[in-house]
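I have placed the structure first, in the form of structure tokens, so that the comments after it can refer back to it.
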Amino acid sequence: MTTPAASTDPIMDRIVGAVGAHRVDRDPRHRAALVDLWSEITAGGDPFHRCVLAHHLADMVDDPAQALMWDVRALDAADVLDDACAQEHHVSLQVAAFYPSLHLNIADNLRRLGSFDAAADHLDAARARAGALADLGPEHSGYVEMMTTLIDDIGAMIGTRSSEARATHPA
């Protein structure tokens, strides 16, 4: 039996640890730890860390306005991230594949806030960039299918002008 190698990225270790713990017990202290981490890395920090951290923080709040704030921060970080930087964290990462999810999350938050036209714009952006998901390979087929389903589901909710939280959303 071998022991896993120690991580060389303490920031990602903190993000993964807090996200994992939050998924288990939804204790607000885990979210607070990530907000504190955000204040440590935000000014000129690694855009990959900022993107991942903001993306997860958005999922840890029930208020769509707060989630929107974090999702916009994640999108802004992705806009200055390139594949080389992302691949320093994992060789398979492609920034283009981040965008469907990032735009979809913003669309969903805008929809929940009743801003249906702006939500439709971000849904269109998610759809336009969904082709990048095909490049992820067959090992990610479950994720690709989930994203396709979510794009359709959120699109239907925007079409009916529903601002209700989705059953799969923490709110």
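The values are calculated or read from the model by the stated rules, or taken from the named source; none is laboratory data. On a predicted model such as this, the values are computed, not experimentally measured, just so you know. No Cβ is skipped: glycine too gets one built from the backbone with ideal geometry, and neighbour counts run over all protein chains shown. Accessible surface is based on the protein model in full, side chains and every heavy atom, while ligands, DNA and RNA are left aside. Shrake-Rupley method; radii C 1.70, N 1.55, O 1.52, S 1.80 Å.
Of note:
- Quotient of Cα Rg and 2.2 N^0.38 Å for the stretch 51-133, N being how many residues it contains: 1.08
- Between 0 and 90 degrees, the angle of helix 116-129 with respect to the longest Cα principal axis of the chain falls at about 60 degrees.
- Loop-located chymotrypsin sites (Phe, Trp or Tyr not before Pro) in the stretch 24-103, at most 11 other Cβ atoms within 10 Å (DSSP): none
- Ellipticity estimate at 222 nm from DSSP helix runs (n ≥ 4, -39,500 (n - 2.57)) divided over the chain, nearest 500: -21000 deg cm²/dmol
- Accessible area of the chain divided out per residue, in Å², using a probe of 1.4 angstrom: 53
- Summing Cβ point charges (Lys, Arg +1; Asp, Glu -1) relative to the Cα centre of the stretch 23-159 gives a dipole of roughly 240 debye.
- Distance from the stretch 26-51 to the stretch 54-107 (C-alpha centre basis), Å: 13
- Ranking 52, 91 by solvent-accessible area of protein heavy atoms (1.4 Å probe, all protein chains present), from largest to smallest, gives 91, 52.
- Compared with the dominant Cα axis of the chain, that is its longest principal axis, helix 64-79 is turned about 60°.
- The long axis of helix 47-59 is offset from the longest Cα principal axis of the chain by roughly 50 degrees.
- Across the stretch 1-104 the C-alpha pair distances fall into 10 Å bins from zero in the proportions 15, 45, 33, 6, 1 percent.
- Among 19, 95, 80, residue whose mean-square fluctuation peaks in a GNM of the chain (springs only between Cα atoms under 10 Å): 80
- Extension gain from residue 40 to residue 66, taking 0.36 nm per residue of separation minus the Cα-Cα distance: 7.4 nm
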